[in-house]
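The values are calculated or read from the model by the stated rules, or taken from the named source; none is laboratory data. These numbers come from a predicted model, not from an experiment. Cβ placement follows ideal geometry from the backbone for every residue including glycine, while neighbour counts extend to all protein chains displayed.
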């Protein structure tokens, strides 16, 4: 957690600092760092563990409502105890390890996946004074830890000695590698314009409002909006969420690389998926949606971490909504979308961001021209590439069914 | 501080020795990835934060996948990932060559006058690193980029040529 806080800040804003001082204020200085780090880690684990539990419930409830059914409603009032029932079920289920499997790797794969996805949660600034690890290369750390999860997916597919699991793992890796590139390219403009890889500095650079109403968030600029959309699409694919959930595709592929997993190890994979989704959403909030900053000046009385939580929950709800709405892509459509559309668009967006940076001094009519040029730099390639990509796919003709 | 370095060194050596001793290629590769992460940890210990995360991202995330894909796409079955034990002559020559290289390296390290370590490692912010890379070292960076791009294009040409040749062989 960061150290100093101006005394004029509201009590709720300073609450994390006060809480920290209450816990380790009486300890000698060398011990404080250790206790501080342990408390931070425990808090992140507890909060995101609970968020994971209730996110699964929210997902099932929201999916249920969208499909016109009630969703889980038996365990506890309106089904609120369902996640705990699921947890107990998963813990008590038999853990089956195939005889031919590699027992060490079979065990290590889910553990490594959860560990890597937890590591990413450390550098996200959750509030003005709430960041577990404020690294100078924080954003790079985030993506380095995230990229390592591919290794765990491979281990899971290979360790079970099942050719279907191995093939699925290769498919999953092809998908993860394809979407790693647009994911990395989409945040480069943010780093270019903020001039730093430190997550807290990127949030600070988005502070302030025009006329006290319109925030300086990156998503409200042409390059930032494109970057945000690209980041979210790539995040969907990176966290194996619908419509990019081909790696497990439970209705078609006997759960892909998870075929040989059961019991709590299987649950760990899901836990890692939700942690990854939360981490990527948290990073999207940090990079594009102003982090913990309030949307208007007069709303600043609400503590910063509450704003972060609201933005994070809205993005997570978006993930669930998309899952309920869009059908799954085919493998060739998936890779074509990444390499022929997202990557070129992300590269063009770099040029747009450079133009935006160089034209920062334009005033008056120049501002209008700046917006017009930046929008043209984005819209024209978008339309041109979109048409090329969907050429020949024309309107569907129904030969046997009445539309 | 030195205990951390010693532990890290022992971990890297143990990983390397086990990777060489194992018969299973995939396990060896996973240990190699462990070594890459160990090197990233060493960079972190030395205060080179940026290099450490770049090492983890590039080697742990990308190069490891290339190596794994290469092994799995060139082997037909699980059994083929098990390498047969090497003949004694080969083991002896490998030990001889490895020992010679290790001897040269150790001699070079022992003969180099190293400045006495004092104080904490210097902290270079990422911004200063970027200015250095794109300022005085821009030419070197461009040359490395060009060489890697040429290597990539060469790889694509080789792969495409192989496929075209295979297509002709199969056609009636």
Next item on the list: Examine the stretch A:118-125 for a residue that is within 11 Å of chain B (Cβ to nearest Cβ), touching a helix residue (DSSP H, G or I) at 6+ places or on another chain (Cβ under 7 Å), under 30 Å from residue A:307 (Cα atoms) and surrounded by fewer than 21 Cβ atoms within 10 Å (Cβ to Cβ), and state whether such a residue exists.
Entry: yes
Next item on the list: Could you tell me whether the stretch A:193-214 includes any residue that is under 21 Å from residue A:348 (Cα atoms), without any contact (Cβ under 8 Å) to a residue 40 or more places away in the chain, in contact with a strand residue (DSSP E or B) (Cβ under 9 Å, 6 or more places away or on another chain) and more than 14 Å from chain B (Cβ to nearest Cβ)?
Entry: no
Checklist line | Search result, residues across the stretch A:361-403 that are part of a loop (DSSP other than H, G, I, E, B) and surrounded by 10 or more Cβ atoms within 10 Å (Cβ to Cβ) | finding: A:362, A:390
Next item on the list: Among what's in the stretch A:98-117 and is part of a loop (DSSP other than H, G, I, E, B) and in contact (Cβ under 8 Å) with a residue 40 or more places away in the chain, pick the residue that is nearest to residue A:60 (Cα to Cα).
Entry: A:98
Notebook entry, point to check: Quick check: is even one residue across the stretch A:252-259 modelled with pLDDT of 90 or more and either crowded, with 19+ Cβ neighbours inside 10 Å or within 17 Å of residue A:357 (Cα to Cα) (or both)?
Noted result: no
Note to self: Here is a check on your reading of the model: is residue A:389 touching a residue at least 12 places away in the same chain (Cβ under 8 Å) and more than 26 Å from the chain's Cα centre (by Cα)?
What the structure shows: yes
Check: Does the stretch A:82-91 include one or more residues that are under 16 Å from residue A:269 (Cβ atoms), part of a helix (DSSP H, G or I) and within 14 Å of another protein chain (Cβ to nearest Cβ)?
Finding: no
Next item on the list: Return a yes/no flag: does the stretch B:50-65 have any residue that is within 13 Å of chain A (Cβ to nearest Cβ) and more than 24 Å from residue A:181 (Cβ to Cβ).
Entry: no
Check: Looking at A:157, A:146, A:79, which is the one that is touching a helix residue (DSSP H, G or I) at 6+ places or on another chain (Cβ under 7 Å), more than 12 Å from chain B (Cβ to nearest Cβ) and crowded, with 18+ Cβ neighbours inside 10 Å?
Finding: A:79
Next item on the list: May I ask you to list pairs of residues, at least six apart or on different chains, whose Cβ atoms are under 6 Å apart, with the first in the stretch A:301-321 being more than 17 Å from residue A:232 (Cα to Cα) and the second being surrounded by fewer than 17 Cβ atoms within 10 Å (Cβ to Cβ)?
Entry: A:303/A:12
Note to self: Quick check on this structure: which one of A:221, A:259 is away from chain B (no Cβ under 14 Å) and over 30 Å from residue A:163 (Cα atoms)?
What the structure shows: A:221
Next item on the list: Give the number of residues within the stretch A:25-76 that are touching a helix residue (DSSP H, G or I) at 6+ places or on another chain (Cβ under 8 Å), free of Cβ contacts under 8 Å to residues at least 24 places away in the same chain, farther than 17 Å from residue A:274 by Cα and part of a helix (DSSP H, G or I).
Entry: 4
Notebook entry, point to check: Limited to the stretch A:162-185, what total is found for residues that are modelled with pLDDT of 85 or more and either within 30 Å of residue A:197 (Cβ to Cβ) or at the interface with chain B (Cβ under 9 Å from one of its Cβ atoms) (or both)?
Noted result: 16
Check: How many residues does the stretch A:198-218 hold that are assigned to a helix (DSSP H, G or I) and buried (at least 19 other Cβ atoms within 10 Å of the Cβ)?
Finding: 5
